[in-house]
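What follows is one structure encoded as structure tokens, with my remarks underneath.
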Amino acid sequence: MKKKVLSVFLAAAMAVSLGACGGTTTPAPASSGGSGASSAGKDTYNVTVIIKATDSSYWQTLLLGAKAAAEESNGKIKVTTDGPASETDIDKQVTILENAIAAKPDGIVLASISSTSTVPAVEQANAAGIPVVTVDNKLETDAYTQHIATDHAIAAATAAADMVDQWKAKGIDPAGKKVALISADSGSAVNQARCKGFTDEIKRLVPSIVVLETQYCDNDIQKALDAADNLVLANQDLIGIFGDNNHMGDGIAKAMEQSKKGDKIVTYAFDSDDTEIDAIQNGNLTGIVVQDPFGMGYNGVLAAVSKLEGKDLEKDKVSETTLVTKKNIQEDAVQKLLYPGK
Amino acid sequence: MQTQKQPIVAIKGLVKDFPGVRALSGVDLEVYPGEVHALIGENGAGKSTVIKILMGIYSKTAGEIYVEGELKEARSPVQAQSFGFGAVYQDVNLAQHLSVAENFFMGQLPKTKLGTVDFKKINRATQEILESIHVHVDPKAIIRTLSVAQQEMVAIGKTIFQKAKLVIFDEPTALLTNDETQQLFQMIKQLKNSGVGILYVSHRMEEIFSICDRASVLKDGALVGTVPIDQTTQDQLISMMVGRNVENMYQIQHQAPGETILKVDNISRGKAFSDISFEVRKGEIFGMFGLVGSGRTEIVRSIFGADVKDGGTVTLHGKQADYVKPTQGIKAGIALLPENRRAQGLALGLSVSDNINMVAQNKISRFGVVNNQESVKIAKSFCDKLRIKTPSVYQRVKNLSGGNQQKVVISKWLEQDSDLFIFDEPTVGVDVGAKLEIYKIFETLIKEGKTIIMISSYLPEVMGLADRILIMYEGQQTGILSRDEFQEERILRLASGIKGKE
Amino acid sequence: MTAENKSLKQRQYNSFLARYQTELLLVGILAVLFLFFGNTSPVFFQLETLMKLLKQASIYGIIAIGMVFVITSSGIDISVGSVVGLSGVIVAMAMVNGVPIPIAILLAIASSALVGLFNGILVYDANVPPFIATLGSLTIVRNFILLITGAKTISDLPKVFTNFAADSMLGIPYLFLSWAVFVCIGLFIAKKTTFGRNMYAYGSNKEAARLSGIRVRSVVYGVYIFCSSVCGVAGILLASRLGNGVPNAGTGYELDAIAAAVVGGASLDGGEGSVIGAVLGAMIMATLRQGGTLLGINSFIMEIIIGSLIVIAVVLDKVRKKRN
């Protein structure tokens, strides 16, 4: 522990006084071995991957993707990973990023918590010739090499489109019927984008559909369950529910299980967890929109290396999402998405 | 004294209704410049309601208030202040965490050129005022660190600073020592001479006779009468207050002391007291007199087990009794009725019944389960026996008068079957009627073979009630006198540490 | 005192009114809400809706009972949400690892009680202000949960366990019956035991309680342990309801519990608090939330209404107390 702290101090001190110096490890390496900033040679690229939070399986999956890219490179790419413990530690992430830059890696892949506070450090890296690939959260600067992210509105729209198809398959006429949205967080831009994307698309496809007041549930499963229960009670003609993250999906699925309305109401949620996967198989949840954090990590690292090798990159890249339903859940590609690294 | 015809304040037909209760029914009162006007009456007679209406805390239901001849009514304390009214309450109304000077200038702090508070100026101004009334307190001192007396002096200083024309004193001497009281009287005289009108609320007859010019007596919200002090007697005033004739209030039947039950040998505790030794005998009323802070309270707390003493031994009923926890003292039959009953003796938010049954829980419970009927029955029996005035035993204690609250505390220890009762300032904030009843309870207690230790700062009370008096000065015992040795001057001398010809 | 000429019955009636004024006020508010939602939503008075309402209020209501004890003793426990999460995760982990259900439940309650003991020691022995002490526990416990679960939901719980929260007896949900049991336990302890009386005395005046020979340490330990244990039960019920041990379950529930207790007449100064009041407080909040969804009222407006209700209830109570 002491050593780790010491090395952080050293790295910071060097950033101020000496600048680059070989042999210093990047602070708190989460997994990958190897020294972060050995002198940049053409045969080895050191890429530092910084995620939003180490306590989340989503971001851990992103790291798996990054490491997979390194493994497949036959030693050409070395990946160092780091990140704060939780998604609220904005300051810590900035410090981690600054220390990482001080250690002079060849490239950086960054999932930034804040879209502003990491900007100075990223601009500094860019000026020093270190390519920075941002994933998930877009920064308020142009000094990045490539931005890879899910387009949440488009992804949510695919759920809306599939919902309409499912109604057709079940013989439900959606005209004049109701759909509801259950949201985990009213203040998050990502959740807002998902809800708006879903609402816009469903209204475009079925202009006469009634979209009920969004229920906000503080990312609490019980609250989502209660909200779904009450929506079902109050609206006999409710035919669809969209939950904007996996916890909302868990709550909705539980409500469907208890009210046994899974066959009458088409339900979608965003992101996957084990409870949702079970629910899809049991028919309590119609489907989920799954992002590809593994792919973001993998492609992020490769993008940084491509840049170093002098290739041109498109500035903004959309990371693919997949709609998982009972029909495709057993497919290999989907299983890999649901259980990355297994 | 009434050379000027215009009173500072004249109240005519003042009525105040609370939901279901008429607190004041047509009170008339006039205070002239340079007059010290006593407002007396039992608790609940309406004194504080009058004060609160004057000070803009309550609004009146009917009646008229003339301020220097003009019909006015204070709708807020700030407005009352602007009329030139100031008040000094017994629980002083100062910001405890600010300095003396900051309290004086609260809300009107002067600024320096830099926009910071001009502390030099406020400290100097405050110092001047304090010196003019001979109060020796550092203007920079934080209120919380001052003694109660000092705080009160500061509060008076503040009213002078605000150039009040009418200063209301609400029981100002309740927590003061004799010296401090004398000092206060000096200040009041000074105020009076400068033409300020003073409304003086107190339960202590001696004080009223020494400084007041006239007295208005309230009873049950109505004015009984206003009399010039030099044309009346204490007994007459008390009769007006209680509505019946009162003889010597301290006349109770004493018991012949029995065997020694409490023996205290050379006990000490830090700076609070040292080398205290005395014996208390069964059936005795053992008085402890001394200034506030002389160590009396600390001694009894150590005996009870509320504080832990450093040295010496205590023997109770022939057995070693060096207690370190209140539970030990309670088990041994000691009852401690603390000085500040609101802060230490009562759970004010709880009912009369809950308070009465707080100690002797084993009597109302089995295996930790309480029998509510039993506890209510016990509470009711005490309400009858001690004549506790309360609408029901479910009433919250905070709504009771001081005397009735004291009776609730006494009940709780009677129920525990304690045999050594330690009363610390039992009659502070208690009206005359209730005082008499508390003294009657003393009489009953000793008749039943119980023993009483009574701490009091009020000399007439200790001298009137105690069989013997232990006198304290700054943590040392300066003497133990028995009844035939009681002389006011001698006791006061011992209590102020003056070595006389003993 | 003015009642001298009134009949004894009248006086008893008045005294009853005075003692249960807060509760009666809340029953009134609840009745108004019921009438309003009943008249505006066609499904509100349906049996199924009412049973769902009871279910939805139960877990919050149980936590509120624990909270009202701590508040009455002049403390506060903001670690309740974390304890709910802890207990749910522990019961789930134990069952998944083959521990028999009753033992798993005991294990979860015991670990919750341990948190309570920890809070009690911090508050009484270390003299840490209750808000700070339990803020520490909130963080420690929540991160302990994340640590032992790796932030992963624990699923595949036994059907017997997960069915409990979904099932009902004679149409009455087990969840609500559990709540009712705890209301009775809470009432009994608060009104009928020396511990309960001492809690009121201690909350009202710590020094007077000590000088009256009340064992204050056991009062402080007792209320925190009781609160945490009750939250442990709430956590188990929540795990049953969700069918999973969820690491972030219970986050933020402390605020709902405090609100329910305070709406129910508990004073943050201590010495006052009513189990029935807290139950009604929780009921009112659940009714508003359900009614809001049934009527399709905007979520934000609904939360503003709930917030205002908390303030109004407390102000009304203060006004009433001032008048007395």
Inset, instruction - Taking B:V376 as the residue in question, decide whether it is of a type in the set (V, I, T) and either surrounded by fewer than 22 Cβ atoms within 10 Å (Cβ to Cβ) or not assigned by TED's automatic domain parsing to the domain that holds B:K407 (or both). - result: yes
Inset, instruction - Specify the residue that is farthest from the other protein chains (Cβ to nearest Cβ); the eligible residues are those in region C:25-44 that are of a type in the set (F, W, Y) and crowded, with 21+ Cβ neighbours inside 10 Å. - result: C:F37
Inset, instruction - Any residue in region A:77-100 that's under 18 Å from A:V122 (Cα atoms): show its pairings with residues that are of a type in the set (F, W, Y) at Cβ separation under 9 Å, as long as the two are six or more apart or on different chains. - result: A:G83/A:W59
Inset, instruction - Scan region B:229-246 and give yes if some residue there is touching an Asp or Glu at 6+ places or on another chain (Cβ under 9 Å), in the same structural domain as B:V50 (by TED's automatic domain parsing) and at pLDDT 85 or above, otherwise no. - result: yes
Legend entry - strands (runs of 3 or more DSSP E) completely within region B:395-502 that count 1 or more residues being within 30 Å of B:S365 (Cα to Cα): B:420-424, B:451-456
Inset, instruction - Inspect all residues belonging to region C:178-193 and state whether any of them is of a type outside the set (D, E), within 13 Å of another protein chain (Cβ to nearest Cβ) and at positive phi. - result: no
Legend entry - Within region C:198-298, helices (runs of 4 or more DSSP H) holding 3 or more residues that are on the phi < 0 side of the Ramachandran plot and away from every other protein chain (no Cβ under 13 Å): C:216-242, C:253-263, C:275-295
Inset, instruction - Report whether or not B:F382 is surrounded by fewer than 15 Cβ atoms within 10 Å (Cβ to Cβ), more than 8 Å from chain C (Cβ to nearest Cβ) and not acidic (D, E). - result: no
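Residue-by-condition table, conditions (1) over 30 Å from A:K327 (Cβ atoms); (2) more than 16 Å from the chain's Cα centre (by Cα); (3) assigned to a helix (DSSP H, G or I):
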| position | (1), (2), (3) |
| --- | --- |
| A:Q124 | yes, yes, yes |
| A:G129 | yes, yes, no |
| A:N137 | yes, no, no |
| A:A153 | no, no, yes |
| A:Q166 | no, yes, yes |
| A:I172 | no, yes, no |
Legend entry - Sole exception among (1) at pLDDT 70 or above; (2) surrounded by 11 or more Cβ atoms within 10 Å (Cβ to Cβ) for C:L47, by number: (2)
Inset, instruction - Taking A:A279 as the residue in question, decide whether it is buried (at least 21 other Cβ atoms within 10 Å of the Cβ), in contact (Cβ under 8 Å) with a residue 12 or more places away in the chain and under 30 Å from A:Y45 (Cα atoms). - result: no
Legend entry - Selection count, region C:264-307, where residues are in contact (Cβ under 8 Å) with a residue 60 or more places away in the chain and within 16 Å of C:F45 (Cα to Cα): 10
Legend entry - Residues of region A:221-240 satisfying the condition of being of a type in the set (D, E, K, R) and free of Cβ contacts under 8 Å to residues at least 40 places away in the same chain: A:K223, A:D226, A:D229
Inset, instruction - Using the structure shown, decide if A:D162 is within 30 Å of A:G240 (Cβ to Cβ) and not assigned by TED's automatic domain parsing to the domain that holds A:Y268. - result: no
Legend entry - Count - residues of region B:125-166 that are of a type in the set (V, I, T), part of a loop (DSSP other than H, G, I, E, B) and more than 20 Å from B:S194 (Cα to Cα): 1
Inset, instruction - Would you point out which residue out of C:M95, C:M51 is touching a Pro at 6+ places or on another chain (Cβ under 9 Å), away from chain A (no Cβ under 14 Å) and closer than 28 Å to C:A165 by Cβ? - result: C:M95
Legend entry - Identity of the residue in region B:325-359, in a loop (DSSP other than H, G, I, E, B) and either in contact with a strand residue (DSSP E or B) (Cβ under 6 Å, 6 or more places away or on another chain) or farther than 14 Å from C:L211 by Cβ (or both), that ends up modelled with the lowest pLDDT: B:E339
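Yes or no, residue by residue, for (1) surrounded by 24 or more Cβ atoms within 10 Å (Cβ to Cβ); (2) under 16 Å from B:D424 (Cα atoms); (3) at the interface with another protein chain (Cβ under 7 Å from one of its Cβ atoms):
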position: B:Y323; (1), (2), (3): no, no, no
position: B:T327; (1), (2), (3): no, no, yes
position: B:I334; (1), (2), (3): yes, yes, no
position: B:A343; (1), (2), (3): no, yes, yes
position: B:A347; (1), (2), (3): yes, no, yes
position: B:N357; (1), (2), (3): yes, no, no
position: B:A360; (1), (2), (3): no, no, no
position: B:S365; (1), (2), (3): no, no, yes
position: B:V370; (1), (2), (3): no, no, yes
Inset, instruction - Answer yes or no: is there a residue in region A:296-305 that is out of contact with any helix residue (DSSP H, G or I) (no Cβ under 9 Å at 6 or more places or on another chain) and under 28 Å from A:Y144 (Cα atoms). - result: yes
Inset, instruction - Report yes if some residue within region B:170-185 is at positive phi and crowded, with 18+ Cβ neighbours inside 10 Å; otherwise report no. - result: yes
Inset, instruction - Tally the residues that are more than 14 Å from chain C (Cβ to nearest Cβ) and basic (K, R), restricting the search to region A:258-295. - result: 1
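Here's the yes/no breakdown for (1) touching a helix residue (DSSP H, G or I) at 6+ places or on another chain (Cβ under 9 Å); (2) buried (at least 22 other Cβ atoms within 10 Å of the Cβ):
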{"position": "C:V99", "(1), (2)": "yes, no"}
{"position": "C:I103", "(1), (2)": "yes, no"}
{"position": "C:A108", "(1), (2)": "yes, yes"}
{"position": "C:S112", "(1), (2)": "yes, yes"}
{"position": "C:V115", "(1), (2)": "yes, yes"}
{"position": "C:Y124", "(1), (2)": "yes, no"}
{"position": "C:N127", "(1), (2)": "no, no"}
{"position": "C:G136", "(1), (2)": "yes, no"}
{"position": "C:R142", "(1), (2)": "yes, no"}
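The values are calculated or read from the model by the stated rules, or taken from the named source; none is laboratory data. Computed from a predicted model, the values in this text were never measured in an experiment. Cβ atoms come from the backbone with ideal geometry, glycine included; neighbour counts cover every protein chain shown.
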